[in-house]
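For reference, the structure is listed below as structure tokens.
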Amino acid sequence: MLLLGVLLLPFVGAALSAFFGSDRDRRVLLTASVPLLAIALLMRERINVFVGNVSYESYRWLPQANLEFSLRLDGLSFLFALLILAIGLLVIVYARYYLSEKDSLRKLYAQLLLFMGSMLGIVLSNNILVMLVFWELTSITSFLLVGYWQHRTDARHGARMALITTAAGGLALLAGFLLLGEAAQSYELDAILLSGDSVRNSPHYSLMLSLILLGAFTKSAQFPLHFWLPNAMAAPTPVSAYLHSATMVKAGIFLLARLHPALSGTDFWFNAVTGIGMLTLLYGAVVALMQYDLKGLLAFSTISHLGLITLLLGLGTPFATIAALFHIVNHAIFKASLFMAAGIIEHETGTRDMRRLRGLWRHMPHTGALAMVAAASMAGVPLLNGFISKEMFFTQAVEIQPYGGLATIIPIVAIIAGVFSVAYSLRFILNVFFHGEAEDLPKFPPHEPPRYMKLPVEILVLLCLIVGIFPSYTVAPFLNAASVSVLGEVPLYSLALWHGFNLPLLMSIVALFGGVLLYRGRGPLFSWYERHRPASSMRVFEIVMIDLFKAARTTIALIDNRSLTRPIAVVLIAAAAIQVFVLIQLPQIAGAIAVSDVDILAVVGTLMLFVATGITIAWYRFRLRSLLPLGVVGLLIALLFARFSAPDLALTQIAVEFVTILLMLFALRYLPATIPAEKIRVRDIAIPLVLGTATAAIAFAIMTRPYRSIAQYFNEHALSEGGGHNIVNVILVDFRGFDTLGEISVLLIASVGIGAMLHGLDLKSSTTPRAPQPPSLLLTTLAAVLLPFALLIAVHLFVRGHNLPGGGFVAGLTAAVAVLLQYVAHDGEWATQRLRISWQRISCIGVLIAIATGVGSWVLGYPFLTSSFGHWQLPIVGDVELATAMLFDLGVFLTVLGAVLRMLLQSSGRSMH
Amino acid sequence: MEILISLIIGVLVAGGAFLLLRTNLVSVVLGLTLLSYAVNVFLFAMGRLQGNAAPILEAGNMSTTDPLPQALVLTAIVIGFAMTAFTLALALRAHRDENPAEREQ
Amino acid sequence: MSFVASAITHAPVAPILLPLLAGCVLLMVSDHVRTQRTISLFSCLLQLMLVALLLANIGESAQIYRLGNWAPPFGIALVLDRLAVVMLFTAAMLAMPVLIYACNGDDEEGRYFHPLFQFQLVGIYGAFLTGDLFNLFVFFEILLIASYGLLLHGSNATINPHTPSKHHVTDSRVTVGIQYVVLNLIGSALFLLAAGIFYGVAGTLNFADIGRFVATLDINDTNAATPLLVGATLLLALVFGLKAAIVPLHFWLPRSYSAANASVAALFAIMSKIGIYALLRLQTTVLASDSVLHDLLNPWLLGFGVLTLAIGAIGAIAATALAEIVAYLMIISIGTLTVALGSGSVASITALLFYLVHSTWIGAAMFLLAAQINQHVLSGGAPQHKRLFAILFLIGAIAVIGMPPLSGFIGKLLILQSTPMDARVAVWPALLLGSLAALIALTRFGISVFWKNEPISAGTTQPLHVTLYAIGALLVLGIAMSIGAAPVVAVLDATAQQLAEAHRYVGSVLPTGALH
């Protein structure tokens, strides 16, 4: 529970921070109590940690994905956790004075606490997937923190750049972790750290390592993935001090140290990690000197130091690793204090530009002294912590040199970087505090900051001194414990200040004097750099982003040309391709069954159908005219159905054809008579040709092959259990009555949809209302006479449907047409007044009847739509069969009647309610 | 006969596809109609062809026709009708939206 | 028979009948908006309770409901197996908040919103429940015709001239509606063609029965109709791919979703998933484990899944309006699901289901959020609204991108882990870069909306009330799916196991063995 408690504290604090009230000092106290409490909790474990014990806690999250919420506390995580909490504490105090009254302290603190928790999660997790979760959380929280001053362009751009870069690294890391987990057969660190051999022998080792390094290097700003860090300096300085020097950028290095036992020890590791580290060390140091923004200088110096640590971890020797861990601590201390000092300077003068700053020593000597000590530590001046770890680095550089290869040049690089770091440290101090009189400052005169704003800097600078002079009494146990957890066994080493006159000391001296000389001769260097200044990474990044957006837009526009035809063509081509593929696979098109004989009537009918289809296509541009051949095609198909034993189909086809043509006539009245000609491309011919041929061939292939179907069952059971002679009708209302229920629902919904769509559309006043003729007497009379007949036919069709061709659907259509005729004949008004019927309501009632019939069978304990029927002897009429299926069919009838009328009337502009 | 039916299906599919590739919505509606004719005949033909054997049970007479495709086609015809009606209405809407000036008349 | 027993017996058909009944009633009662809302909400609440009950009582074996008391394969059977229950719950849990959201005024932009909404649910539930190929066609048609109506909902400007457009509409709803309708009608024709081939060769329409037939196919029998069944299967996959919007069949989705009314777009979050669902059903019945066609679709699904991810990623970056970005994020999620489907293992199906549920709910939340941001932030609003929406947007974005610690990350993690070795080289980069593209797109939008513009405090403070609860509820589901991932995955794993045992599906649907 302890680790979980420590981990959750910042999150809880962030959640509670909404209730901390408006008093800023109270908010500082309450917020600062979070890391204080966490440190207190952690320190209870120090004895355990110092003797090398590892404690675990595990909570269930998603074992199926090996995502267990397991935590560990060993020397390494202990050291890092303390660093995160302690620097966090100081930053919280510092930020209180740094932020102006109009900046929201509440927002900053909440985000800082969230970040603190995420960072603790990285170092405390024992499961690498959980580590990744927190890793990404630090990316998100850092995005928010960098963008704290969201109204500033540089803050927005810097935040975005940092997020995209580090999140991309996080994605690579995810893939790398998955490979690592599979190679180690566990995602738990304790198991992974023990299975170094199987990890290194994994076939995916180099890919895995590359991905993990990509993640680590983006986070720790290694060259050439460092570019986001200088731009993240748009963040408030407390944030820079915390995230971008002390903690978050160390996450990548932490990861390298954490996984050191599992991943290191190969040539790939050595070359990649050392090589990149060396490049970064050198590049950062050189560019840092050229900066004129205080924070820019510190940012590049941070990059350089991160490179130094990476380099050390790449060497792989125990001493190098210890030096790396030590330098992590030292760098955090002196760099955080320098950032804070820079923040104070900015706070008091209103600028961070070293071309404007000078002579501040007279105005703020106290701050100047603090900055000087910290900068000296950065430069590696003896008696300060930075000196010791740098000396260890030089020692390692010398020792590793004989190994050849990359190692050969390490000492040279070390000295050059050392020279530059001395030079930029000098520049930081001399440019700001000396070099003449302070003038031309946005805020003048500058003076010392509030007492408590300096306190965090004082503490950190004091640490620089104490650690630098008495390393064994201060940092040693922490460092030792951390080293044990990385290395397993720690060789004898000493953290002493004095190792006698040796080569490393000589290197330090060379670096110090070289640095002074370099600083004195900086003029030509600066002007050289000005001439060769690389393009601003921000601009490059923005241009890349804009190009990306442009390229994406062009691609999408290329794919989707916003025409209706292209997607249709894609679907048709796909269908044609599938069919052709099938036909190629088929050994022969014709199957085993011989084709049946052709009669002359069928040939004539087929030819007529071809002609009618051809005419439809030829006339497609003339809307009304093309309806005639289309109708002929429909009627011929009805004949086809009739010819091949499907009277119900034939009847339905005729009825539907009639209504469809009617509907089209109505609708086309309001559309232009012709449409412009368009170019016909090869595609327009080729696709139909292939698709038509292939479909025909497949139809033929199936028809000439034998099959066993479930049809026999219907033939046998329709009468005995379905109670009807007309098998098709029994299927529709009984065997597959559910389909029919769906079908009438479609009709109803379509009529509702049409109603919704055409509602309020005044069709009457449309373009070319053809034929606004008055109602003709003949038509009126005819309609009046026809109505009862038509209704009678409808009833007849309905009643006989269960046994003979007919049924509710055809009956409904017939009745609908008859009623429609009344509207047409009387031109609206008359019929609308006489027939005060909501057709929509009728169709709803129809569906409801169908449902009710289905639900009725529940009463008898049968499933939905179970039919029952019986015979009754009635006087005069004789034997009468009544089936629930007929009730269902009544529902069909009413739905069809109502829905079809609603559609027809709405489309003809005779809209009802 | 099977060849004739296959040809009918093929011609209807080809004709439908041709009209579907036109840019005007009303042509597309015509194309859809032809395509649905084709599909209905196709579906119907899957029950194989039988002359003079309507699936209606007379006394002592077992049907030899496969009635299921007929029922399916019936359902398909009705649904197709609903879809055609909707598409036509949509064409009306689209036309009115494209020519808002005419509404003023 | 006691009432409870009877209720359980008829439970499978109830989710279909309930909204159908509600839809009809809604058409018959008064047009008054309060009446309509009350009935509609009540119906959705009942559905949710019913489906939650089904989820709670999820059993080892599937419940088969024989409509008309006809034994399958002769009658139509509904199959209430674990997959159906999971899908039903996903849909019902989506419908409720979306409907609540719609009641803020979206439903008044046109006529018949509530009936169409209910009818849409009829089609969705039916598609999840039916065990019959042709009946699936019918339910597809129901959900399509209802979706046509909903898509065009509010396109009629004359209805409500005073309501300003809440959307950044580039295409008119009618224009995108045409494309949507026509493509789906072609899809329906191809569906019938495929169903016809299945019937013409296998002589049956029941999924289990077709599966049984396919299992008996002898690959060496040259006269056998195996290629024809392959063709039918591929045609069906084409139709389902069109519904799912797998590239290159995706054209309709970005435009129609971004042009639709927000509530409609949010409801449509499940629509493309129905295509994935249908493909999954096809895989686990017709192409069941021991059939010669078993691996027919997998390579295609993997290939097109990667392509879909790529196009979705590019589209998300290219898009500017949030609704459009989210629509392309939908394409990315479809690509993710397709890839998982193509992986074909139990683990990958579990992952697929997790991601499907997540992307349905979160996708819907994002569509609703997009509309609210348009209304309350982009067109000027109170600063406190802006802050609130910024937080909601952040949560939604993290979930939808697949960043830790929310549901999207869990889903993506499961899919990455279950990708077969030989497919990883393409699938992993596609999935990870898809996330990156989503991140880039949403960061760009979020920064320009929430950071760049100072809040216009002068704007009238429009009330937010229920809409926030709806969005919040959907986002909370995403958070809950992450915290409670283990039990969720356990349920989904059991579902995938059940699907993997095809013989059990066939056995429970057709207990009597070979009937014809």
Taking only Cα atoms, what is the 0 to 90° angle, nearest 10, from helix A:476-487's long axis to the longest principal axis of chain A? 50
Under-5 Å amide H pairs with A:L67, H placed in peptide plane, nonlocal only: A:L62
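So, by mean Cβ neighbours within 10 angstrom, what's the order for A:716-727, C:98-109, C:235-246 with the highest one leading?
Taking the mean over residues of other Cβ atoms within 10 Å, the ranking is C:235-246, C:98-109, A:716-727.
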Specify the inter-centroid distance of segment A:123-191 and segment A:659-692, based on alpha-carbon positions, in whole Å. 56
Inverting the mean 1/r over all pairs of different Cα atoms, compute the Kirkwood radius of chain C and quote it in Å. 23.1
Please compute the modelled spin-label separation between A:L786 and A:E530, points set 7 Å along Cα→Cβ, answer in nm with one decimal. 9.6
Taking each residue of A:632-642 in turn, how many C-beta atoms of other protein chains fall within 10 Å of its C-beta, and what is the average? 3
Over segment C:1-76: Rg over Rh, Cα atoms, Kirkwood Rh: 1.07
Treat every Asp and Glu Cβ in segment A:1-93 as -1 and every Lys and Arg Cβ as +1, leave all other atoms uncharged, and give the resulting dipole magnitude about the Cα centre to the nearest 20 debye. 140
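Taking a quarter of the surface of the convex hull around the Cα atoms of the protein assembly as shown, what do you get in nm²?
Convex hull of Cα atoms, orientation-averaged projection: 60.8 nm².
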Which value, in Å³ per residue, describes the convex hull spanned by the Cα atoms of segment A:1-97? 107
Given just the C-alpha atoms of segment A:380-529, how large is their convex hull per residue in cubic angstrom? 181
Nearest 500 deg cm²/dmol is fine: what mean residue ellipticity at 222 nm does chain A get from its DSSP H runs of n ≥ 4 alone, each adding -39,500 (n - 2.57), divided by its residue count? -23000 deg cm²/dmol
Based on Cα coordinates alone, diagonalise the gyration tensor for segment A:229-307, multiply each eigenvalue by 5, take square roots, and list the semi-axes in whole Å, largest first. 26, 16, 6
Can you tell me the length gained on complete extension of the stretch A:L16 to A:V799, counting 0.36 nm per residue apart and subtracting the Cα distance? 274.4 nm
Angle between chain A longest axis and helix A:75-98 axis [Cα atoms, degrees, rounded to 10]: 90
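Can you give the calculated 222 nm mean residue ellipticity of chain C, where each DSSP H run of n ≥ 4 adds -39,500 (n - 2.57) and the sum is split over every residue, rounded to the nearest 500 deg cm²/dmol?
Using -39500 (n - 2.57) per qualifying helix, the result is -23000 deg cm²/dmol.
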To the nearest 20 debye, what charge dipole does the protein assembly as shown have about its Cα centre, counting +1 at the Cβ of each Lys and Arg and -1 at the Cβ of each Asp and Glu? 3780
Segment A:476-517: chymotrypsin sites (Phe, Trp or Tyr not before Pro) in DSSP loop, at most 12 other beta carbons within 10 Å: A:W498, A:F501
May I ask for the angle, rounded to the nearest 10°, between helix A:537-559 and the longest principal axis of chain A, with both axes built from Cα atoms and the value confined to 0 to 90°? 10
With the dipole of the protein assembly as shown defined by +1 on each Lys or Arg Cβ and -1 on each Asp or Glu Cβ, the option from C:L287, A:S206, C:T216 whose Cα lies farthest towards the positive pole is A:S206
Expressed as cubic angstrom per residue, what is the convex hull volume of the alpha carbon set of segment A:774-826? 50
Rounded to whole angstroms and listed largest first, the alpha-carbon spread of segment A:631-736 along its three principal axes comes to 59, 37, 23
At 7 Å along the Cα-to-beta-carbon direction for both A:S494 and A:L462, put a label point, then send me their distance in nm to one decimal. 2.9
For segment A:438-589, give the magnitude of the charge dipole about the Cα centre (Cβ charges: +1 Lys/Arg, -1 Asp/Glu; no others), in debye to the nearest 20. 480
Would you mind pulling out the separation of the Cα centroids of segment C:79-131 and segment C:231-266, in Å? 18
If the cut-off is 21 Å between C-alpha atoms, which lysines fall inside it for A:K250, apart from same-chain ones fewer than 8 positions away? A:K219, A:K295, A:K335, A:K390
Along the charge dipole of the protein assembly as shown, pointing to its positive end and built from +1/-1 on Cβ of Lys, Arg, Asp and Glu, which listed residue (A:S838, A:V752, C:F113) has its Cα farthest out? C:F113
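Return the calculated 222 nm mean residue ellipticity for chain B, to the nearest 500 deg cm²/dmol, obtained by summing -39500 (n - 2.57) across DSSP H runs with n ≥ 4 and dividing by the residue count.
-24000 deg cm²/dmol
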Label-point gap, in nm, between C:A71 and A:D103 - each point 7 angstrom along Cα→Cβ: 8.0
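Each reported figure results from applying straightforward, stated rules to the coordinates on display, with no laboratory input. The structure presented is a predicted model; accordingly, all values stated were derived computationally and were not measured. In this analysis, Cβ positions are derived from the backbone assuming ideal geometry, glycine residues included, and neighbour counts consider all displayed protein chains.
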